[in-house]
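The values are calculated or read from the model by the stated rules, or taken from the named source; none is laboratory data. Since the model is a prediction, treat every value here as computed from it, not as a measurement. Every residue, glycine as well, gets a Cβ built from its backbone with ideal geometry; the counts of neighbours run over all protein chains shown. Only protein heavy atoms, including side chains, enter the accessible area calculation; ligands, DNA and RNA are left aside. Shrake-Rupley method; radii C 1.70, N 1.55, O 1.52, S 1.80 Å.
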Amino acid sequence: MTTTPKDPFSPQEIAAEGIKPEEYAEIVRRLGRHPNKAELGMFGVMWSEHCCYKNSRPLLKQFPTTGPRILVGPGENAGVVDLGEGLQLAFKIESHNHPSAVEPFQGAATGVGGILRDIFTMGARPIALLNSLRFGSLEDPKTQRIFTGVVAGISHYGNCVGVPTVGGEVYFDPAYAGNPLVNVMALGLMETPEIVKSGASGLGNPVLYVGSTTGRDGMGGASFASAELSDASMDDRPAVQVGDPFLEKSLIEACLEAFKTGAVVAAQDMGAAGITCSTSEMAAKGGVGIELDLNKIPVRETGMVPYEYLLSESQERMLFVAHKGREQELIDIFHRWGLQAVVAGKVIAEPIVRILFRGKIAAEIPADALAENTPLYERELLAEPPEYARQAWVWTADALPACTLAGIGSHSWNDILFTLLDTPTIASKNWVYRQYDHQVQNNTVTLPGGADAAVVRLRPLEAIPNLTSQNLKLAVAATVDCNPRYVYLDPYEGAKAVVAEAARNLSCVGAEPLAVTDNLNFGSPEKPIGYWQLAEACRGLAEGCQELATPVTGGNVSLYNETLDSQGNPQPIYPTPVVGMVGLIPDFTKICGQAWQASGDVIYLLGLTVQAKVELGASEYLATIHNTVAGRPPRVNYDLERRVQQVCREGIREGWVRSAHDCAEGGLVVALAESSIAGNLGAEVTLEISPNQLQRLDEVLFGEAGARIIVSVGSEQQEMWESYLQAHLGQNWQKLGTVNNCDAGLTVLTTDNQTLITVSIKDMKDRYNNAIAKRLAA
């Protein structure tokens with residue numbers, strides 16, 4: 001692209017805003033003129049991938065988004081589902097990946113603040129937080145700095161604002177060395193009579209700016225989030241926002257109080273792209289325009305110009321449209337909470353965003369051009385899977401040494417179990433969650449680390465008609481899941497497995513899966529492999545959500561998660577489509593965790609039995625013990641998945657099942673070990689191994705597969721339980737053994753009484769509970 005004397009910007013200046021030459025030409029065409037500096041900045045942030053999803057929107061259309069419980073689907077600040085009994089749940093997941101790479105503490109902290117605003121903007125009181133985190137190898141000092149900073153930021157904001165962090169997941173892999181992933185999910189219980197939407201309406205209605213002041217922090221954060229990370233990214237610290245959780249707590253209370261007056265027509269959080277995003281999205285969704293005067297905006301710095309006002313991502317700010325004549329009523333509420341509140345503009349008929357500054361028009365752009373009618377790229381999909389995937393799929397377990405009853409190579413099965421328990425991805429995350437206040441609000445039913453999903457009691461602070469004390473036993477379960485190695489090796493099958501595992505985790509606490517919010521973390525879609533991974537994963541997610549009846553209510557797309565090394569070569573992360581799923585529990589007194597409950601309880605494996613062929617491809621065992629990332633991930637069997645989950649839920653609600661834990665990373669034996677560690681009880685398990693399985697005992701012990709849940713049942717319920725299993729699962733279940741006292745430890749035997757594994761609870765706990773702290777102290 002060449003510039004003419006009439007062009008106000010050089011190609012470098014245009015590129016600095018994240019705008020491609022052809023996009024700039026389109027901007028000029030739409031405006032009928034060249035933009036000014038402020039307008040160029042507005043287009044830069046609103047046409048970024050972070051805001052307009054220009055590469056992913058065509059793929060997202062295949063997601064199922066409707067269902068009997070869906071009240072609000074994609075397009076609003078958060079999804080909302082009907083829980084029955086007059087209760088409604090708002091929930092959403094968002095990413096703050098690039099800010100956390102540059103400034104871990106504030107990047108993670110403001111990620112929490114941002115997702116909470118999405119929830120209470122709908123009129124819901126936040127009741128819980130979960131997070132899904134990815135880091136490089138924990139042996140790397142840089143990873144340790146980012147990891148500790150992110151955890152500190154999450155705990156600081158969540159603890160101070162008074163919302164419990166009740167669950168999550170943490171993975172460590174060199175693929176995330178330069179580009180950590182920080183995905184935060186929030187849940188809220190609706191408190192307002194009506195769900196608050198974001199579309200502006202009512203010509204002449206006043207537009208209110210409320211919350212904190214505006215400064216230069218977070219400048220261009222949306223564009224920053226839509227570019228690869230490089231050594232120069234460390235200079236982008238101004239693009240990282242700074243949060244104030246105490247101010248946000250006041251903002252929560254003020255907003256909920258304001259919404260209940262009925263004086264608020266629409267509300268929008270000022271998140272990515274700040275004033276630009278909130279004005280353009282509210283106007284576009286309402287089919288109207290908004291005129292805003294920047295001189296009315298409360299500021300914390302002097303000398304700011306329109307470009308800075310419009311692109312600032314200062315935190316804890318909101319934009320309201322109020323009913324005309326009731327603005328002072330709202331202003332008084334915010335002042336009483338010690339917050340800013342001013343009438344800064346009005347709703348106008350012409351569908352444009354008009355920005356005024358010092359009595360003149362500083363920017364004037366059609367709202368639709370910024371928020372709805374944005375660039376769209378339908379890229380060509382690779383005709384066949386890329387070379388890396390085809391090579392990985394050729395791998396078979398024949399490449400590994402043969403197994404014996406004693407172990408494999410120089411490793412005994414005991415040694416391998418200890419090594420896996422000591423792997424930070426599998427090991428206890430107690431170092432992380434002990435820093436979170438997970439019991440504030442006093443509604444947390446299961447503590448972090450105690451079950452496969454978080455469980456939170458639903459206890460509305462406001463009176464709800466027809467809600468009796470009997471109905472107050474309702475609870476919601478939530479989980480965040482993704483095995484990125486599965487998705488890397490086969491994006492389609494791996495993404496299906498993500499949905500299945502999330503639903504399985506909810507079923508393990510007795511919850512009926514309801515709906516999904518997703519966070520798509522991928523590399524560059526402009527590269528053929530990156531787009532193939534994104535497209536195939538979206539296809540898998542759509543199919544999984546359809547098959548398991550969990551519609552998608554919204555989410556977040558985070559692309560360009562790549563690190564440019566010193567030579568300028570991009571290193572993408574593993575494709576990581578995180579699924580946040582919520583489920584309903586009718587009675588929170590009828591749930592269970594993963595811990596064995598009593599000596600003498602009988603242990604069962606639901607789903608694929610020990611005799612079934614279970615692969616090692618994509619497994620944690622293969623990666624950790626053999627340093628190999630290859631093979632194919634397990635394939636999802638939807639019919640078996642649905643039946644196993646239904647049986648588990650019913651067993652919990654009937655009081656038969658006393659513990660439930662899905663077989664995930666590390667396979668069968670790691671799941672048994674985790675239940676022993678959690679319950680401080682031993683177990684003796686006998687595996688019926690066929691002769692042809694002896695050569696590959698590692699598949700039996702550490703292979704990974706879907707539709708597998710380990711449960712324990714009281715011996716007095718054994719007959720009734722086995723009769724139920726036979727009727728509903730046929731041959732897809734197996735009795736494995738019994739729970740023993742702590743001194744017995746975990747013992748795994750063959751049917752001819754050969755010992756494969758025998759380890760003490762103390763030795764397992766030592767590896768499992770101290771893996772992360774030990775590496776940080778080294």
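Residue selection: L736 fails the criterion of being assigned to a helix (DSSP H, G or I) and buried (at least 17 other Cβ atoms within 10 Å of the Cβ). It is to be established whether one or more residues within the stretch 431-441 are among the polar types (S, T, N, Q), over 19 Å from V161 (Cβ atoms), open to solvent by 40 Å² or more (accessible area, probe 1.4 Å) and outside any strand (DSSP E or B). No: zero hits. In the stretch 369-395, the residues that are over 28 Å from V353 (Cα atoms) reach residues that are of a type in the set (S, T, Y) with C-beta atoms within less than 6 angstrom, at least six apart or across chains, in these pairs: R379/Y531. Please enumerate the residues belonging to the stretch 360-395 that are closer than 25 Å to R635 by Cβ, open to solvent by 70 Å² or more (accessible area, probe 1.4 Å) and part of a loop (DSSP other than H, G, I, E, B). Once the filter is applied, which keeps residues that are closer than 25 Å to R635 by Cβ, open to solvent by 70 Å² or more (accessible area, probe 1.4 Å) and part of a loop (DSSP other than H, G, I, E, B), the stretch 360-395 yields L381, A383, E384. For L472, the requirement of being among the aliphatic types (A, V, I, L, M), assigned to a helix (DSSP H, G or I), within 20 Å of I591 (Cβ to Cβ) and over 21 Å from the mean Cα position of the chain (by Cα) is met. Being in contact with a Gly (Cβ under 7 Å, 6 or more places away or on another chain) and not hydroxyl-bearing (S, T, Y) is a description that applies to E704.
Could you tell me whether the stretch 84-91 includes any residue that is open to solvent by less than 10 Å² (accessible area, probe 1.4 Å) and not aliphatic (A, V, I, L, M)? Looking through the stretch 84-91, at least one residue is open to solvent by less than 10 Å² (accessible area, probe 1.4 Å) and not aliphatic (A, V, I, L, M). Annotation note: of V644, V669, the sole residue that is at pLDDT 95 or above, in a helix (DSSP H, G or I) and over 27 Å from the mean Cα position of the chain (by Cα) is V669.
May I ask you to list the residues in the stretch 15-24 that are within 17 Å of C52 (Cβ to Cβ) and in a helix (DSSP H, G or I)?
E22, E23, Y24
Restricting the stretch 691-733 to residues that are hydroxyl-bearing (S, T, Y) and in a helix (DSSP H, G or I) leaves a set whose member that is nearest to P633 (Cα to Cα) is Y724.
Scanning the stretch 180-203 for residues that are modelled with pLDDT of 95 or more, on the phi > 0 side of the Ramachandran plot and open to solvent by 10 Å² or more (accessible area, probe 1.4 Å) turns up at least one hit. For the stretch 245-279, taking the residues that are aliphatic (A, V, I, L, M) and assigned to a loop (DSSP other than H, G, I, E, B), the one that is surrounded by the fewest Cβ atoms within 10 Å (Cβ to Cβ) is identified as A263. Taking strands (runs of 3 or more DSSP E) as the structural unit, those lying wholly within the stretch 496-605 and holding at least 2 residues that are closer than 29 Å to S56 by Cβ and open to solvent by 10 Å² or more (accessible area, probe 1.4 Å) correspond to 512-521, 552-558, 562-564, 570-572.
So which of V353, V347, V321 ends up being part of a strand (DSSP E or B), open to solvent by less than 10 Å² (accessible area, probe 1.4 Å) and closer than 21 Å to T374 by Cα? Break it down into steps so the answer makes sense when it comes.
Numbers: V347 fails: closer than 21 Å to T374 by Cα; V321 fails: closer than 21 Å to T374 by Cα.
Only one candidate qualifies: V353.
Regarding E313, is this residue closer than 24 Å to S198 by Cα, open to solvent by less than 60 Å² (accessible area, probe 1.4 Å), in a loop (DSSP other than H, G, I, E, B) and in contact (Cβ under 8 Å) with a residue 60 or more places away in the chain? Criteria met by E313. When H34 is tested against (1) open to solvent by less than 40 Å² (accessible area, probe 1.4 Å); (2) touching a helix residue (DSSP H, G or I) at 6+ places or on another chain (Cβ under 9 Å); (3) more than 20 Å from G271 (Cα to Cα), exactly one condition is not met: (1). Considering only the stretch 288-301, I want to know if a residue exists there that is open to solvent by 20 Å² or more (accessible area, probe 1.4 Å) and at pLDDT below 95. Yes, the stretch 288-301 has at least one match.
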